[in-house]
Amino acid sequence: MPLQIAQMFPDLWIDEDEEEGKNLNEKPLIQTQIDRYRRHDKFSYHKIFNSNGAEKFMQQLKNLQQNDLNVLVVNFIDMLSHARTEMKMIRELASDESAYRSLTLSWFRHNVLSDVFRELAKSDFKIILTTDHGSIRTVKPIKIIGDRNTNTNLRYKLGKNLNYNSKEVFTIKTPQQAQLPALNLSTTYVFATGDSFFAYPNNYNYYVSYYKNTFQHGGISIEEMIIPIITLTPKSVKLTQNAKR
């Protein structure tokens, strides 16, 4: 949980108001998890942003098979959702949810990552496939007012001077009880639910038209909060196990 991470690893925690990226310490956090259980697993960590990164990972694959654990983070889906918001051409290609899913599937089928999965299927590697969050297509704008220190996420806000309609949002006024970090004693969290998103009264119509029908995350919905965890085992391993039985 965020509060536990902030308390246990204060040197790794990045506060909401800091400009530094929030996902820069994933590798040391994996190491602390291994150390906590007094294991001595040899592991590697890789984060892929483009096809060149995937190609480099593919070239290292044989050497990586000597490790107990290899962590591969693929950032394309998150980048695609942001690109759909900011680039008119991508929005045209993924005009609705069906087109968005189709574009994602097409990318995967023709990406080096498909080759990675095929290669791993030939070995006895077990693959655990998951994600950190989902996303939802936002439709309904909700007005909210905050000071300059309020975060920019469209699906949740935290601050000490938030003005909003409590009937339209889910509010947490005691962050510690929800195991959320608080910047100060009066920090309040406000979450958008369903397919709503936050917009400030200033230039309200502009921001509503810009962000409506975009994919966002950080709020409270089944699409964002329930994530898949898939375990893949090569067929050769299953056949060997069945033969032993």
| request: Report the label-to-label distance for residue 111 and residue 151 in nanometres (one decimal), using points 7 Å from each Cα along the Cα→Cβ vector. | output: 2.5
| task | Quick one: of 47/160; 42/235; 88/167; 126/157; 140/173, which pairs are farther than 27 Å apart, Cα to Cα? | result | 47/160; 88/167; 126/157
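How big is the charge dipole of segment 134-177 about its Cα centre, in debye rounded to the nearest 20, if each Lys and Arg gets +1 on its Cβ and each Asp and Glu gets -1 on its Cβ?
Dipole magnitude for segment 134-177 comes out near 80 debye.
For the chain, calculate the relative contact order in percent as a whole number, restricting contacts to Cα pairs under 8 Å that are 6 or more residues apart.
Details: 314 pairs, mean separation 54.9, N = 245.
It comes to 22 percent, rounded to a whole number.
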| Top positive-direction residue, dipole computed over the chain with Cβ charges, set 51, 190, 63 | 63
| said: Can you find, among 231, 201, 37, the residue sitting farthest towards the positive end of the charge dipole of the chain, where Lys and Arg contribute +1 and Asp and Glu -1 at Cβ? | reply: 231
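Taking the Cβ-Cβ separation of residue 62 and residue 41 as r and a Förster radius of 22 Å, what is the calculated FRET efficiency to the nearest 0.05?
Values: r = 19 Å, r/R0 = 0.87.
Approximately 0.70, to the nearest 0.05.
How do the peptides 30-42, 148-160 rank, highest first, by the average count of neighbouring beta carbon atoms within 10 Å per residue? Don't jump to the answer; show the numbers that get you there.
Values: 30-42: 10.8, 148-160: 17.4.
Answer by packing, highest mean first, reads 148-160, 30-42.
List the relative contact order of segment 76-200 as a percent without decimals, with contacts defined as Cα pairs under 8 Å and 6+ residues apart. Don't jump to the answer; show the numbers that get you there.
On the way: 125 pairs, mean separation 28.0, N = 125.
Computed over segment 76-200, the figure is 22 percent.
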| message | Quick query: amide H of residue 45 versus all other amide H atoms, modeled in the peptide plane; which residues come in under 5 Å with a sequence gap of 5 or more or a different chain? | response | 71
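Bear in mind that the values in this text are calculations on the coordinates, not laboratory data. Just so you know, these numbers come straight off a predicted model, no measurement behind them. All Cβ positions, even for glycine, are placed from backbone atoms using ideal geometry, and neighbour counts span all protein chains on display.
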